[in-house]
Amino acid sequence: MRNGWKLIVRLALGGLLLYASVGKVTHAEVFATALSNYRMLPSEMIFLGSLAMPWLELLIGLLLITGIWKSTSAFMTAVLFLVFTLAVAQAMVRGIDISCGCFDLTSSEDRIGALTLIRNLFLFTCSLFIMTGPKQNKDPVRTG
Amino acid sequence: MNNYFWTDIIKKPLLLIFLSLVLGTLTNLEFVKASLRGEKKFTIEAKVEDATARLTRITLDEASAAFMDESALFIDARERDLYDIGHIPGAINVPWEEIQYENSMIAELVPPGFELITYCDGSDCDASVLLAGVLVEKGFENVRVFFGGWVEWEDAAYPVEEGYY
C-alpha cells in the first residue's frame, strides 16, 4: 500500500517538475532575471543556473515518471525543493517583494509569499517520502 | 552503502547537472553567446551599474531650466523627513532607503509619460543615481540625474517648497 502511495507521489512530483520546466527550458534569459531577483547568487551562478536548472527539472521529472534511477531522482527532487524553499525564505526574511519564477515566467502576479513557502515545504516533504524506505537490493547476493 | 552513495548521490546527479548544462546551452545559444561577450548583466547591482553608466547627468542650470518650463517631473530620492523640511517645488518623494528592496512599488509612485529628473542631497549621495538606474530598468525612458541635488539648488536660492507629499 505504501508503495502505491509512493508511486502516486512520484508521478505527481514528476508531472509537476515537467510542467514547471517546459516554459523555462528555452527562456534562460527570462529565468536568469527571475533568479537575479532573489539576490542570493553571484553572476556566474545565475548564468549557469539559468541554463541548467530548467533542464534539470525536466530530466528529473522524466526520471520520476519513468521510474529510472529512482533513488537519484528522489534525492535530487528533495535537494531542488529544499533549495527553492530556502530561496523563498531568505527573500521573505529580507523583505524582497518579487515574483516567484516557479512556473509562469511571464506573470508578475505570481508573487512569493507564505503560500509559496508552504507549498515548497510540502513538496520537499513529499520528495523525502519517496526517498525513504529500505533500498531494494537489485544485485543478487554474492555468495562466493 | 558506499557504493550506493558514490553512484546514486554523487555520480548520477553530477551527470544530470552536466547534461542539463549542455542541453541548456544548446537550447539558448544566442543568450549564451551574448553573455560570454559580456552583454548581459545578471545581478541587480550589475544591472543598476550598467543602467547608471548610461544615465544623463544634468547641471544646476539645466535642472532650473527644466523647472522653469515645467518640462520634467522632479523625484526627490532622500528620506521622508528631509523631503518634508524642504524640496524642489512639485517634486515627488520616492525615498531610496525605503524603496530599494521593494522597487516593484516604483511604478505605482511615479506617473508614466513624464521626463524624470532624480536628485538627492548632492554629489556625496548616490540615491539619485541608484533610483534613476532602477527607473530605467523598470522601463521609464527619459530619466536624468541632477547630481548637484538639493545642496546646489538651495545654495542657488531657487524656489523651495516644504511639507508632506
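The values are calculated or read from the model by the stated rules, or taken from the named source; none is laboratory data. All figures in this text were calculated on a predicted structure; none of them were measured in a lab. Cβ: placed from backbone, ideal geometry, glycine included. Neighbour counts: every protein chain shown.
Computed values, structure above
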quantity	calculated
So B:G122, is it outside any helix (DSSP H, G or I), more than 17 Å from the chain's Cα centre (by Cα), surrounded by fewer than 20 Cβ atoms within 10 Å (Cβ to Cβ) and at pLDDT below 80	no
Unique residue being farther than 23 Å from A:G95 by Cβ, in contact with a Lys or Arg (Cβ under 8 Å, 6 or more places away or on another chain) and among the acidic types (D, E) when the list is B:D121, B:D84	B:D121
Residue among B:L36, B:L29, B:L60, B:L73 that alone is touching a residue at least 60 places away in the same chain (Cβ under 8 Å) and surrounded by fewer than 20 Cβ atoms within 10 Å (Cβ to Cβ)	B:L60
Positions within region B:1-31 being part of a helix (DSSP H, G or I), at the interface with chain A (Cβ under 7 Å from one of its Cβ atoms) and either hydroxyl-bearing (S, T, Y) or touching a Ser or Thr at 6+ places or on another chain (Cβ under 9 Å) (or both), in sequence order	B:Y4, B:D8, B:I9, B:K12, B:P13, B:L16, B:S20, B:G24, B:T25, B:T27, B:F31
Residue among A:A87, A:A74 that is farther than 27 Å from B:G38 by Cα and at pLDDT 90 or above	A:A74
Hits in region B:56-87 - residues which are closer than 15 Å to B:F147 by Cβ, part of a strand (DSSP E or B) and either more than 16 Å from the chain's Cα centre (by Cα) or not assigned by TED's automatic domain parsing to the domain that holds B:D126 (or both)	B:I58
Matching entry among B:R78, B:R54 (being farther than 29 Å from A:L62 by Cβ and surrounded by fewer than 16 Cβ atoms within 10 Å (Cβ to Cβ))	B:R54
Selection count where residues are surrounded by 18 or more Cβ atoms within 10 Å (Cβ to Cβ) and within 17 Å of the chain's Cα centre (by Cα), scope region A:21-40	9
Total residues in region A:109-132, condition touching a residue at least 24 places away in the same chain (Cβ under 8 Å) and more than 13 Å from chain B (Cβ to nearest Cβ)	11
Residue within region B:35-55 that is of a type in the set (S, T, N, Q) and assigned to a loop (DSSP other than H, G, I, E, B) present	yes
Which listed residue is of a type in the set (S, T, Y), surrounded by fewer than 22 Cβ atoms within 10 Å (Cβ to Cβ) and in contact with a strand residue (DSSP E or B) (Cβ under 9 Å, 6 or more places away or on another chain), from A:S43, A:S99	A:S99
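Results for (1) in a helix (DSSP H, G or I); (2) in contact (Cβ under 8 Å) with a residue 40 or more places away in the chain; (3) over 12 Å from B:A77 (Cβ atoms), shown as yes or no for each residue.
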{"position": "B:E108", "(1), (2), (3)": "yes, no, yes"}
{"position": "B:F114", "(1), (2), (3)": "no, yes, yes"}
{"position": "B:L131", "(1), (2), (3)": "yes, yes, no"}
{"position": "B:E141", "(1), (2), (3)": "no, no, yes"}
{"position": "B:V145", "(1), (2), (3)": "no, yes, no"}
{"position": "B:V151", "(1), (2), (3)": "yes, no, yes"}
{"position": "B:A157", "(1), (2), (3)": "no, no, yes"}
